[in-house]
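Heads up, the thing below is written out as structure tokens.
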Amino acid sequence: MEDKYKKDGFVILRDFFDPQKIQHIVDEAHLIYKNQMYKLGIIDNLHVNNEVFECSLEELFNLHFETFLNCGKQCQHIIDLWKLSLDDKIIDTIKKMGIKAPIISTRPVLFSNSVKISKSTINHTVPPHQDWASMQGSVNSVVCWVPLIDINQSLGSIALVPGSHKEGLVTNEKVQSFGLVDKYNKESFVSYDMKQGDVIFFSSFLVHKSGDNITSNIRWSTHFRYNDLNDKSFINNGYPHAYIYKPVDGMLRPDFDTMSACKDYFENT
């Protein structure tokens, strides 16, 4: 596996996770949206099927965009998503790929990509790019891409350029934190149908992109990023960290009656 990874810049591991473990994360993400859609009267129960759910999600996006965004933000903090990013199978695998002292580069990211719930193209079909441009960590940093549902070519499975990791950083510009690359033609990319439970590990320097989702369905996926504290370049560069997390200034809901809410919760439940 290590030789193939160093040669191509990626490896695909089939049946890496139990699909039920992955589906549980999907169900948790759906419930976050369903709770708000039920409150708003978009759905009449929390047990709607996937077709109704995705149609209702589009309605939430169009009519209640702020709530839609807040749901997406909460999805990034699903506990089982974070647990998956720390799964021993992932850590053992990246160690076999050369990461001697693994450390998390950034928090997990859960994606729900579809043209019907996007305001710009880059939100549903990310053009060719390199993840290292946003990570800027160790030279041997690794990304683990996990399809949360079965993702075939019609749904827009990830596409990669084998061997492109050996060229280092070739990005021309950063757009919404993506280090975009335009030096490869369509024929340079390879893509694979991926099943729920499969994973792809790839170098953060590997050029890749989203495939074209030509369906009306949503592509659900997640990725995790890891650096190596023992990498010489990472040490020599002073362990740079490219991400900024901070709370917003002010109160998000200044009219929220916290006294009544606290009394109701602590005295009546």
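Since every read-out is calculated from the coordinates, none of them should be taken as a lab result. Bear in mind the structure is a predicted one, so any value in this text is a computation, not a measurement. When we count neighbours, we look across all protein chains shown, and the Cβ atoms used for this are built from the backbone with ideal geometry, even at glycine.
Taking the Cα-to-Cβ direction at Leu13 and at Asn236 and moving 7 Å from each Cα, how far apart do the two end points lie in nm?
Between Leu13 and Asn236, the label points sit 3.0 nm apart.
Under 8 Å for C-alpha pairs, at least 6 residues apart: give me the relative contact order for region 67-170, rounded to a whole percent.
Relative contact order of region 67-170: 22 percent.
What do you get for the angle between helix 65-75 and the principal long axis of the chain? Use alpha-carbon atoms, 0 to 90 degrees, nearest ten.
60
P(r) of region 51-165 in 10 Å steps, Cα pairs, percent per bin?
The calculated distribution, bin by bin, is 10, 35, 37, 15, 3.
Angle, helix 258-268 long axis vs. longest principal axis of the chain, Cα atoms, 0 to 90°, nearest 10?
Value to nearest ten degrees: 80.
Could you work out how far helix 19-39 tilts from the main Cα principal axis of the chain, as a 0 to 90 degree angle to the nearest 10?
That works out to roughly 40 degrees.
Taking each pair of distinct Cα atoms in the chain once, what is the resulting Kirkwood hydrodynamic radius in Å?
It is 20.1 Å.
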